[in-house]
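So the structure is just underneath, and the comments pick up after that.
The values are calculated or read from the model by the stated rules, or taken from the named source; none is laboratory data. Keep in mind that this is a model prediction, so the values were computed, not measured. Don't worry about glycine lacking a Cβ; one is built from the backbone with ideal geometry, like all the others, and counts go over all protein chains shown. Ligands, DNA and RNA are stripped out before the accessible areas are found, and what is left, the full protein with its side chains, is counted by its heavy atoms. Shrake-Rupley method; radii C 1.70, N 1.55, O 1.52, S 1.80 Å.
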Amino acid sequence: MASAPSKLYSDDVTLVVVLLDTNPFFWSTSSFSFSQFITHVLVFVNAILTMNQLNQVVVIATGYNSCDYIYDSSLASNQSFGNGRMPALCANLLQNLEDFMVKDEQLGKEESEGRITCSLLSGSLSMALCYIQRIFRSGSLHPRPRILCLQGSPDGPEQYVAIMNAIFSAQRSMVPIDSCYIGAQNSAFLQQASYITGGVHHKPQQLDGLFQYLLTIFGTDLHSRNFLQLPKPVGVDFRASCFCHKSTIDMGYICSVCLSIFCKHHKKCSTCGSIFGQAQSDDASATNRKRKTPDL
Amino acid sequence: MKNSDGRRLNGEAEEEDDDEEDMNIEAWERSYAEDRSWEALQEDESGRLRPIDESIISHAQYRRRLRARSLTATTARIQKGLIRYLYIVIDLSRAATEMDFRPSRMAVVARQVGAFIREFFDQNPLSQVGLVTIKDGIAHCLTDLGGSPESHVKALTGKLECSGDSSLQNALDLVHGLLNQIPSYGHREVLILYSALSTCDPGDIMETIQKCKKSKIRCSVIGLSAEMFICKHLCQETGGSYSVALDESHLKELILEHAPPPPAIAEFAIANLIKMGFPQRAAEGSISICSCHKEAKVGVGYTCPRCKARVCDLPTECRICGLQLVSSPHLARSYHHLFPIAPFDEVPPSHLKDLHNRSQSTCFGCQQSLLSPGNKPGLCVACPKCKKYFCLDCDIYIHESLHNCPGCESLRHSNPVATNEE
Ligand SMILES: [Zn+2]
Ligand SMILES: [Zn+2]
Ligand SMILES: [Zn+2]
Ligand SMILES: [Zn+2]
Ligand SMILES: [Zn+2]
C-alpha cells in the first residue's frame, strides 16, 4: 500500500477521484473542444497535487462502452519523475487516455450502430467508490476522499437505479460527489448526487474559464470549504425514470408493493408481479387522506 | 399480574449490591470490568487465548447472508410490504427506570429506538412511524405518524420521564384508533418495547387484542425483563413476533430485526398503483408562499409538478391538487431490493495462474493487485455476468452497500434494469 503509516494526515490532505467524460458523441457536438477540456483538467490535476505533497488524484475515464482507470498519482511509475512532475503526469495520463479512447471506440464498432448519447456514469461512479473503500481500509490515516464528475453527456435514464445506488452508498460512507456539468441541458442525476452527498454542483457559464471554475470551486479541500462561499444549488431536479420506457418523468404511478415507478397505468406490475385492483385515482386517495389531515 | 412489586424489591436489592461492589474495586479494575475485554478472546485448539479474528468471521457471515438472500431471490420474487405504518410504543412506567440496562432501561430504549428509526426509513422509504408512550397507566401520542426520522429522533432525545404503571390495553386502544385511518395499501404494525411485568387495564384486554386482529394490525413485543403470557398471546394472535432482550446488544439486534419489510401477506394489504409526483427542489434563497403554512418563506421548498404550488417538506400531499408528493431518491433507496446483483463466484486458484497473462491482474473495482494477496493466498471472485475479477473486500462492499457491479455497469447493454424490462 502506498500510504505509509508514519505519515501524518490532517484535514486538508485530499484524494480526488476525477471522472472524465470521454463520450465522443458529446464532444463532437460541443463548442468547447475535447483537447481544450483536457488542457484545463490537466492543469487542475497538477494544481491539486502541488497544493499538498500528500494529495492524491485518481482519474477514471467514463466512456460510452466502457470505463477504466487512466491515472493514479500514488502509483510508483507516476511518482518517479520527482520534480519534473507535470510532464510525467501529462505523458502518462494522455497516453492512457488515448489507449482507452481507441479501445472504447472499437468496442462500439462491434455493436450495431445505435444512437448512443449518454456515457456510462454509473460504471465510473461505482469504480470510484470501490477505490475509495480501499483507501478507507488502508488504515486510520488516509486522505479525505471526494469524487468530482466532469460530465457533458446527457443523463442515461436506464442507469437510474445504478446511479441512485451509488449515490446512497457514497452518502453512507460520507463521500461527497462534486459535479461540474458542461453539457447543454441540466443533469438531474448530478444535481441529485451532489445534493444528497453534500457535494457541490455547478454548471459553468463560460467554458473558456473552466480551469478557474475548477480551481476555485472544486479545488479546495473539504475542511476549507466551511469558510468559502461556494455556489448554492439553483434548485434540484428530483425527476425519476420510469421502469417501463426509461423516460424521465415528474409524475407517475407507483406500485404499492415494490415501489416501482411507471409512467402510465398498468394492470400488473412488471417488477413484482402484483395484480392491481381498479385504478386508484388520485382524487379518491386525496379525499381519503384529506379527511385525516386538516387539523394538522 | 401483581408480581411487579416482588420483582422491584429484588431489583433494588441488586442495585445496592452493585453499588457496594463499585466501591470496593479499584479504578483500574473498573475499567476492565466495563470494557469486558475478555469477550474479544477465544480459545484455539491447543487452549491458548487468541483475539477473535474479525475479518474471517465477517467474511463468513457475509457469505452466509448472501447465500440466504440469493436463495430467496431464486424461489420467487417475494412480495414485500414496503409501505408500512408503524407505531412504536415505549413503556415509560416505573419499571423503565430499572438499571439492569445501563444507565437505565429508558435511556437504552430511547437510544436504540433512535437508531432503529433511521435504519427503518433507510429500508422502508415510503413508510411512516409514530411514537406512543405509556406512563401512569395512560398512553400518550409522543409524535404523529411521519415520514422523516428527524422529528422522532428529536422527541426521543428530549426529556423522558417514567412513572406509574403500564397499560397494554390503553396503548393498543390508542394505536388501534390511529392506525384505522391509514390507506388500505399500507401495512399496519405496532412494536411495543415493554419494561413492566404487569399491565393495569381498564377493561378486558382480550377484546382489544381481537379488535387489533380484526383491523389487521401486526403487533410485536420486545420485553426488557421477562416473558409475559399476555404479550406472547398478543403477538401470536396478530401475527407479530415476541422476544425478550438479555442485554443492550441483544436488544439492538431484536429491534433491528423489525427494520426490513416483513413478507407481505396478500390479504393484509391490497396492491395498488398510487399516483405520485416528484417535485423539484426550489433554488436556495428564492422566496415564495408555501401552501402548508401559508407564509412567505425563503429558500427550501418543493414545487408540485401538477399545480406548481409550493410545499415545505416531503413526503406530503399537495394541499391544492391532492397529489401525493414524494422525493424520488426516497423511493430509490429500496430499489436494490428489486434488482439484487448475483453473488460472485469464487475463482479457483488454478485459474489465477494465468492472471499474469491476462490484462486484468488487479481487482476491477479498486485496482488492488490480485497476485499477492498476503495471508489469504489466491482468493478472488468473479462476476458471473461480466466475468470481471474482484478482490474479497470489494465483493463485500459491492453486495452489502453499493448494490452495483462496477464491471456490468461499465459495459453497455448489460444494465441490470434493462434486463428486467417486460
Ligand atoms: Zn414508462
Ligand atoms: Zn410491483
Ligand atoms: Zn399540487
Ligand atoms: Zn477490490
Ligand atoms: Zn458484473
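For the reader, a short list of remarks on this structure follows.
- Size of the B/A contact, given as accessible area buried on both chains, probe 1.4 Å, in Å²: 7000
- For region A:167-277: rounded, prolate or oblate by the Cα gyration tensor [a/c cutoff 1.5]: prolate
- Between residue A:32 and residue B:213, the modelled labels are 6.8 nm apart [label points 7 Å from Cα along Cα→Cβ].
- Distance in nm between pseudo-label sites at residue A:105 and residue A:228 (7 Å out along the Cβ direction from Cα): 3.6
- Around the Cα centre of region B:238-334, unit charges on the Cβ atoms of Lys, Arg, Asp and Glu (plus for the first two, minus for the last two) sum to a dipole of about 820 debye.
- Given charges at Cβ of Lys, Arg, Asp, Glu: region B:195-346 dipole, positive-most of B:272, B:288, B:327: B:288
- Expressed as a whole percent, the accessible area of region B:198-278 that falls on carbon and sulfur atoms is 54 (1.4 Å probe).
- For region B:75-227, a/c is not less than 1.5, where a ≥ b ≥ c are the root eigenvalues of the C-alpha gyration tensor, and a/b does not top b/c. That puts it in the oblate class.
- Extension gain, residue B:250 back to residue B:287 (0.36 nm per residue minus Cα-Cα distance, nm): 8.4 nm
- What you get for region B:269-310, charging only the Cβ of Lys and Arg (+1) and of Asp and Glu (-1), is a dipole of about 140 debye around the Cα centre.
- Rounded, prolate or oblate (a/c below 1.5 giving rounded, otherwise prolate when a/b exceeds b/c) for region B:160-208 by Cα gyration tensor: prolate
- Counting Cβ atoms of other protein chains within 10 Å of each Cβ in A:117-126 and taking the mean gives 5.
- Calculated log₁₀ intensity ratio I(q)/I(0) where the Debye formula runs over C-alpha points of region B:175-282, q = 0.19 Å⁻¹: -1.04
- Per-pair calculated FRET efficiency, R0 = 51 Å: residue B:144 and residue A:98 via Cβ, rounded to 0.05: 0.25
- Coil-residue GluC sites (Glu not before Pro) of region B:182-228, DSSP, other Cβ within 10 Å capped at 16: B:227
- Local electrostatic count, residue A:40, Cβ distance below 14 Å [Lys/Arg +1, Asp/Glu -1]: -2
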